[in-house]
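Take a look at the structure set out below.
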Amino acid sequence: MTRITELPDAGFVLPGNRACAGCGIGIGLRQITAALDGQMVLINPASCLTVLGGMFPIASVRVPWIDVAFPSTAASASGVAAGLRAMGRAGEMTVLAMAGDGGTADIGIQALSGAAERNDDLIYLCYDNEAYMNTGTQRSGSTPSGARTTTTWTGKKENPKDVPAIMEAHRIPYVASTSAAFPDDVFDKVSKARGIHGLRYIHMNTPCPSGWGFDPKDTVALGKLAVDAGLVVLYEVEAGEFRLTGRSKTLAKTGRRATVADYVATQSRFRGMDAQTIAAVQAWADERWERFVARDAGECG
Amino acid sequence: MSDERTSIAMSKPAVGEAGRTGDWRNKRPVLTAEKCSAVKLGKPTCQLCWVYCPDACVSRGIGPEFDLEHCKGCGICAEMCPTGAIAMASEAVHGVCEI
Amino acid sequence: MTGNEAAATAAKLARVQVVAAYPITPQSPVVESLSAWVESGELPAEFVAVESEHSAMSVCIGASTVGARAFTATSSNGLAYMTEQVWWASGARLPIVMCVANRALAAPWNVLNDQQDSMSVRDSGWVQLYCRNNQEILDTSVQAFRMAEQLNVPVMVCYDGFLLSHTVMPVDVPSVEQADAFLPPRPKPLQVVDPADPRNVGPVVMADPRRDGDGVMQPGYMEFKAMHHRALLDALEAVPAADAEYAAVVGRSWGGLTWEHLLDDAEVVLVAAGSVGVQLTLVAERLREEGVKAGVLGVRCYRPFPAAALAAKLAGRKLAIVFDKALSYGYEGPICTDLRAALCAEENAPAVFGVVCGLGGRDTSPGDLADSVRRAIADAHAGARTRATEWLGLRLEGGAL
């Protein structure tokens, strides 16, 4: 576990970019680029990250970057990987596909599943801010139950899609769940993924002050609170072997430190969530958490 | 266009793509050096302000420094500082924003 | 060999480096052949069996961006599904080559030939070429890589599904040496993907020009589109040039932008793209026996539209009849419209009549085509300068137009 003081000062994400004040993406992206030491090509579809990346002719991130069409992230990245191999350049850089939750769980899932089935040699990282934020906060398959968005005005009825679990079912060599509120965890997981071949999937929960409705100063605090509530779980599945990491590993021993009620009270997207819905989400979260704890303890094998 | 490459859209990296994003903020971070653990110990210690800034506007120095041209004033650094060494001060002084 | 085999053979001769493969009738044998050659080692390419046609073009886009020579093939609804990426590939100025085995678009479902699929993307900024036989498919597809890489524009090689894709014809395959002499390796791409010189390729572009980090004004969206369009116009020279250079190496030419049969003194000119043009040559010969000065003007390069070349060849003729295997619904056949527009300011232009034929694989025999021409001539003799589109070969009651 790399300590924050040991993280490299890579400087690939440049100040003066177009992301919102307090955006979780920048925190994560600084460590993603640092872990790959800029030896990468970042494939990015329409999303908040595209805006952070900058409008022509100025780029805000000092790494090779290819913008691609919304549904196509994984397929475009597969093409880049194939092209680099064909040109004898495969060893020069890591191919990193980086898309939002809409571009991953919804419109991009077909291409992602195809790339995973082929075990194409790339890292796919989903930054999950739990809605289509770039277009103004419409619900996605990743939006949590109870959240108000511009297309779920009275709160989303469904629970979110579990994309890491979907990726696990593809039996790819590495699946991980992390959070931008834990940049050391992000750094370690991307560093580990860098050394593995085949399709590596990383899901990064990314708090969004604009879309979730909280003061930008609380981005990291609320990201940590989500982990403390067991709503976001830090884990990895490496060659089929499951383990909790970081704060989630600690919580498995000590017990969770927060409830769903604690969490939803902090963000205006959950305003109006009634006790029944909160209880239902708590039950859903409890069942998931207990399964993860059991897997970590080896009870599920 | 003499450079054939200008027939495609391809950006070069530079600071300030969105301009002087320091203009976005209502409050700016201010360090009380005596409270900073790095300053007190004379060596790098926690560096949380550095790691949590989404915009890489906080240096890793012993006593962080803030890039006020670009700091958007989100307040994460102040919120996460374990010793309360960073406070967010209002930009408006006598109704005028100053750098 | 079949038309599909000819297309695949061309990709192999061109030393394609990345093949994206997805099946759809009647194109599937193209990717099947390429797959077999990759597995046997005959073709040292990366073969990516994608999960949809949209992803097939996405793979080509990714691979082409980093400098690889990329190829795919599709038809019909596959092309329709791919259409977002068809526009992306050309706007991104990537020299991808794609073969389209022309097939009708659903709904309703139909696996047989017409040209609606490729016509539906004629505006998308690709060079679009139509072949009339399997030899031309092979030769044109090899030429396509050369043209694409010169212009930095993708090239679509179209041929009639089943009529050519599945029909066996004699095809002379150039030697590897001939192919290499005509087609050198792909030059370095416009796009830079290099950690030592990081660039953002294909970002959002604003409406207006904007200064870069060095203070230099850079183009806005409309300037980039003007450059793209200019490259398409440059193809009006590049297409004949590639055909001529290929002929110098291999000894066969296909006419460049257009081809013709019995055109010199023709008063009635039959115009079409693709294999129906070959049937029209039989029609022209039969009509000559009847005393009609008929000739054929084939459109080989449909985009860019060779307006000047067609206008020059049609000057002084009495009647041009355009046979479209596609339709712009609510209006008329696309080649007919484009030709009419190209002639509208010309003095001495013929009357232009349009015929829609062969939709969904409806047979277009030379006999039916000849009758259509006779009707058109009769209408022209009666004084018509224009006429409603004739739908050739509709059969059931109530199906007349």
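Based on the inverse mean of 1/r over its pairs of different Cα atoms, what is the Kirkwood hydrodynamic radius of the stretch A:233-301, in Å?
Numbers: mean 1/r = 0.0748 Å⁻¹.
Mean inverse Cα-Cα distance, inverted, gives 13.4 Å.
Whole-Hz ³J(HN,Hα) for each residue in the stretch A:147-156, computed from phi via Karplus 6.51 cos²θ - 1.76 cosθ + 1.60 with θ = phi - 60°, x for glycine and proline: what do you get?
With the stated coefficients, the stretch A:147-156 comes to 6, 8, 9, 6, 10, 9, 5, 9, x, 5 Hz.
Take the alpha carbon gyration tensor of the stretch A:71-182, find the square roots of its eigenvalues, order them as a ≥ b ≥ c, and report rounded if a/c is under 1.5; if not, report prolate when a/b exceeds b/c, else oblate.
Values: a/c = 2.44, a/b = 2.13, b/c = 1.14.
Prolate shape, in that a/c is at least 1.5 and a/b is the bigger ratio.
Would you work out which of A:G79, C:M119, A:L125 lies farthest towards the positive end of the dipole of the protein assembly as shown? Charges go on Cβ: Lys and Arg +1, Asp and Glu -1.
It is A:L125, whose Cα lies furthest towards the positive end.
Using θ = phi - 60° and the Karplus relation 6.51 cos²θ - 1.76 cosθ + 1.60, list the HN-Hα couplings for the stretch A:22-34 in order, rounded to whole Hz, with x at every Gly or Pro.
x, 5, x, 4, x, 4, x, 5, 4, 7, 4, 5, 5
On a 0 to 90° scale, report how tilted helix A:73-86 is relative to the longest principal axis of chain A, with both axes built from alpha carbons and the result rounded to the nearest 10.
Taking the Cα atoms of chain A, the angle to A:73-86 is about 30 degrees.
Cα atoms only, the stretch A:41-103: Rg and Dmax in Å?
11.9, 33
Please get the size of the charge dipole for the stretch A:110-252, origin at its Cα centre, with Cβ charges of +1 on Lys and Arg and -1 on Asp and Glu, quoted in debye to the nearest 20. Display every interim value, and only then the final one.
Working: 16 positive and 17 negative charges, 46 e Å.
So the dipole magnitude of the stretch A:110-252 works out to roughly 220 debye.
Test of understanding: in a Gaussian network model of chain C with alpha carbons linked when under 10 Å, which of C:R15, C:R199, C:R252 would top the mean-square fluctuation ranking?
Between C:R15, C:R199, C:R252, it is C:R199 that shows the largest mean-square fluctuation.
Label 7 Å along Cα→Cβ of C:D264; the stretch C:280-303 residues with amide nitrogen under 17 Å?
Zone members listed by number: C:285, C:288-289, C:292-297.
Using Cα centres only, tell me the gap between the stretch C:83-107 and the stretch C:23-46 in whole Å.
19 Å
Say the cut-off is 31 Å between C-alpha atoms; which of A:K156/A:K217; C:K188/C:K225; B:K40/B:K72; A:K161/B:K27; A:K224/B:K43 go over it? If you can, show how the numbers build up before the last one.
Working: A:K156/A:K217 26 Å; C:K188/C:K225 22 Å; B:K40/B:K72 27 Å; A:K161/B:K27 38 Å; A:K224/B:K43 27 Å.
Those over the limit are A:K161/B:K27.
Per the Cauchy relation, a quarter of the hull surface: what is the mean projected area of the convex hull of the alpha carbons in the stretch A:1-139, in nm²? Working shown, then result.
Details: hull surface 36.7 nm².
Averaged projected hull area, Cα only: 9.2 nm².
Return the whole-Å distance between the Cα centroid of the stretch B:19-56 and the Cα centroid of the stretch A:245-301.
32 Å
Can you compute the charge dipole magnitude of the stretch B:20-97 about its Cα centre, using +1 on each Lys and Arg Cβ and -1 on each Asp and Glu Cβ, nothing else charged? Give it in debye, rounded to the nearest 20.
Numbers: 9 positive and 8 negative charges, 37 e Å.
My answer is approximately 180 debye.
Dividing the convex hull volume of the alpha carbon atoms of chain A by its residue count, what do you get in Å³ per residue? Don't skip to the answer; put the middle values down first.
Numbers: hull volume 36.2 nm³, N = 301.
Here the figure is 120 Å³ per residue.
Taking the dipole about the Cα centre of chain C, with the C-beta of Lys and Arg at +1 and of Asp and Glu at -1, give me whichever of C:F162, C:Q150, C:A326 is farthest to the positive side.
C:A326
So how far apart, in nm, are the two label points at C:A49 and C:L233 if each is 7 Å from Cα heading toward Cβ?
For C:A49 paired with C:L233, the spin-label model returns 4.7 nm.
Based only on other Cβ atoms within 10 Å, what is the fewest-to-most ordering of A:V163, C:V18? Intermediate results must be reported in sequence, preceding the final value.
Values: A:V163 21, C:V18 29.
Lowest count first: A:V163, C:V18.
Which one, B:I86, B:C36, B:A56, projects farthest toward the positive side of the charge dipole computed for the stretch B:20-97 from Cβ point charges (K/R +1, D/E -1)?
Highest projection toward the positive end goes to B:C36.
Which residue fluctuates the most in chain A, going by a Gaussian network model with Cα springs under 10 Å, if the choices are A:G38, A:G79, A:G223?
Top of the fluctuation ranking is A:G79.
Hey, could you grab the Kirkwood Rh for the stretch C:258-391? Inverse mean 1/r over distinct alpha carbon pairs, Å, one decimal.
Details: mean 1/r = 0.0690 Å⁻¹.
Evaluated over the stretch C:258-391, this radius sits at 14.5 Å.
Rounded, prolate or oblate for the stretch C:82-148? Axes are the square roots of the Cα gyration tensor eigenvalues, ordered a ≥ b ≥ c, and the cut-off for rounded is a/c under 1.5. Don't jump to the answer; show the numbers that get you there.
Working: a/c = 2.68, a/b = 1.16, b/c = 2.30.
Oblate, since a/c reaches 1.5 and b/c is not below a/b.
If you project the alpha carbons of the stretch B:20-97 onto their three principal axes, what span does each projection cover, largest first, in Å?
Per principal axis, max minus min of the Cα coordinates gives 38, 24, 17 Å.
Once the Cβ-Cβ distance between C:R374 and C:A345 is put in as r, and R0 is 35 Å, what FRET efficiency do you end up with, to the nearest 0.05?
Working: r = 30 Å, r/R0 = 0.86.
Calculated value: 0.70.
How large is the translational diffusion coefficient of the stretch C:3-182 in µm² per second when you combine the Kirkwood radius over alpha carbon pairs with Stokes-Einstein at 37 °C and 0.692 mPa s?
On the way: Rh = 15.6 Å.
Using the Kirkwood radius from Cα pairs, D works out to 211 µm²/s.
With the contact rule set at Cα under 8 Å and sequence spacing of 6 or more, what percent relative contact order holds for the stretch A:110-243?
Details: 233 pairs, mean separation 36.9, N = 134.
Taking the mean separation of contacting Cα pairs over the length of the stretch A:110-243, I get 28 percent.
Taking a ≥ b ≥ c as the square roots of the eigenvalues of the Cα gyration tensor of chain C, is the shape rounded (a/c under 1.5), prolate (a/b larger than b/c) or oblate? Mind dumping the intermediate values first?
Working: a/c = 1.80, a/b = 1.50, b/c = 1.20.
Since a/c reaches 1.5 and a/b is larger than b/c, the shape of chain C is classed as prolate.
For chain C, which DSSP H helices look membrane-span-like by this rule: Cα extent along the axis of 24 Å or more and mean Kyte-Doolittle of at least 0.0? Kindly include the intermediate steps, with their values, before the conclusion.
Details: long enough: C:134-151 (25 Å, -0.33); C:221-250 (41 Å, 0.34).
The qualifying helices are C:221-250.
Mind checking Rg over Rh on the protein assembly as shown, alpha carbons, Kirkwood formula for Rh? Kindly include the intermediate steps, with their values, before the conclusion.
On the way: Rg = 30.8 Å, Rh = 29.0 Å.
That ratio is 1.06, to two decimals.
Which aspartates and glutamates have a Cα less than 13 Å from the Cα of C:K325, not counting those fewer than 8 places away in the same chain?
C:D114, C:D117, C:D160, C:D363, C:E390
What's the exposure ranking of A:T33, C:T389, A:T150, going from fewest to most Cβ atoms within 10 Å?
Numbers: A:T33 23, C:T389 17, A:T150 13.
So the ranking, lowest neighbour count to highest, is A:T150, C:T389, A:T33.
Using only Cα atoms, tell me the angle between helix A:183-194 and the longest principal axis of chain A; keep it within 0 to 90° and round to the nearest 10.
Helix A:183-194 sits at roughly 40 degrees to that axis.
Mind sorting C:K12, B:K12, C:K225 by how few other Cβ atoms lie within 10 Å of their own Cβ, fewest first?
On the way: C:K12 22, B:K12 19, C:K225 14.
Neighbour counts put them in this order, fewest first: C:K225, B:K12, C:K12.
Taking the Cα centre of the stretch C:231-300 as origin and charging only Cβ (+1 Lys, Arg; -1 Asp, Glu), how large is the dipole, in debye to the nearest 20?
On the way: 5 positive and 11 negative charges, 45 e Å.
Around 220 debye, computed over the stretch C:231-300.
Over 10 Å intervals from 0, what percent of Cα-Cα pairs in the stretch A:105-241 sits in each interval?
Reading upward from the zero bin: 12, 41, 35, 12, 0.
Calculate, for B:S90 and A:R271, the FRET efficiency according to 1/(1 + (r/R0)^6) with r their C-beta to C-beta distance and R0 35 Å; round to the nearest 0.05.
Values: r = 28 Å, r/R0 = 0.79.
So, using R0 = 35 Å, E works out to roughly 0.80.
Under the Karplus relation 6.51 cos²θ - 1.76 cosθ + 1.60, θ = phi - 60°, what is the ordered set of whole-Hz ³J(HN,Hα) values for the stretch A:273-283, x standing for Gly and Pro?
These are the phi-based 3J(HN,Hα) values: 6, 7, 4, 5, 5, 4, 5, 5, 5, 4, 5 Hz.
When the helices in chain A are scored as -39500 (n - 2.57) per DSSP H run of 4 or longer and the sum is shared across all residues, what 222 nm value do you end up with, to the nearest 500 deg cm²/dmol? Present the calculation step by step, with values, prior to reporting the outcome.
Working: 11 runs with 111 residues, N = 301.
It comes out at -11000 deg cm²/dmol, rounded to the nearest 500.
Could you work out which residue, out of A:R200, A:R30, A:R89, moves most in a Gaussian network model of chain A, that is, has the largest mean-square fluctuation with Cα springs under 10 Å?
In the Gaussian network model the winner is A:R89.
The numbers here are math on the coordinates, done by the rules we state, and not lab data. Just so we're clear, the structure is a prediction, and the values are computed from it rather than from any experiment. When we count neighbours, we look across all protein chains shown, and the Cβ atoms used for this are built from the backbone with ideal geometry, even at glycine.
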